[in-house]
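Rule-based calculations on the coordinates, nothing more; no lab input. These figures come from a predicted structure and were not determined experimentally. Ideal geometry is used to build each Cβ from the backbone, glycine not excepted, and the neighbour counts take in all protein chains shown.
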Amino acid sequence: MRKFLVVLDDTRECLNAMRFAAMRAARTGGGVQILSIIPPEEYQHWMGVADLMRAEARERIEAHFEVFAKWMRDKQGVNPELVVREGDPVAEILAQVRADPEVGVLVLGAGSEKGGPGPLVTHLTRSSGSLPIPMTIVPGDMSKERLESIT
């Protein structure tokens, strides 16, 4: 089964990327894999604190995931899977694409603010010619109705 890989983060545009991935998966018989990345800790010498911060980050990720997963199951009939990785976001996205041969499309949300589309979109579009899968970039300010009409 082809999976749509979508990144779960704290950005506003993440919502449209989730919607797009779920709607495309529902309409094409695919699946959704939600990837969340815990950034590496700067103070590794405080291992007890780093472990606690990691555990708290994982709890927040799982709670956030459950909101999206419930919507995907209830509205789209898609049961997403959660993958949590730790490290540099771009490197971890690429590692996940390589690790799961069923991942067929990377879906990213693009920010619509003055600062540009966001660091993930900026970095990954620069190297898009060497990505092993296609990438879909979903505008963060696209309406739900428009998303429904194009998926």
Computed over the chain: longest principal axis from alpha-carbon atoms vs helix 47-71 long axis, angle to nearest 10 degrees, is 10 degrees
Residues whose built amide H sits under 5 Å from the amide H of ARG2, excluding neighbours closer than 5 in sequence, are GLY31
Ordered by number, the GluC sites (Glu not before Pro) in the range 1-110 that occupy a DSSP loop and have at most 11 other Cβ atoms within 10 Å are GLU42, GLU102
Fewest-first ordering of VAL67, VAL90, VAL32, VAL97 by Cβ atoms within 10 Å yields VAL67, VAL90, VAL97, VAL32
Of all trypsin sites (Lys or Arg not before Pro) in the range 81-134, the ones in DSSP coil with at most 16 other Cβ atoms within 10 Å are LYS114
For the chain, the longest principal axis of the Cα atoms and the Cα long axis of helix 89-99 enclose an angle in degrees, to the nearest 10, of 70 degrees
Label model pair LYS70, VAL90: point-to-point distance (7 angstrom along the Cα→beta-carbon line) in nm is 3.6 nm
Here the longest stretch of the chain that holds no chymotrypsin sites (Phe, Trp or Tyr not before Pro) in a DSSP loop having at most 16 other beta carbon atoms within 10 Å is 47-151
Label model pair ASN79, ASP100: point-to-point distance (7 angstrom along the Cα→beta-carbon line) in nm is 1.5 nm
Plugging the Cβ-Cβ distance of ILE150 and SER130 into 1/(1 + (r/R0)^6) at R0 = 25 Å yields, to the nearest 0.05, a FRET efficiency of 0.40
By Cβ neighbour count within 10 Å, fewest first, SER127, SER112, SER36 rank SER127, SER112, SER36
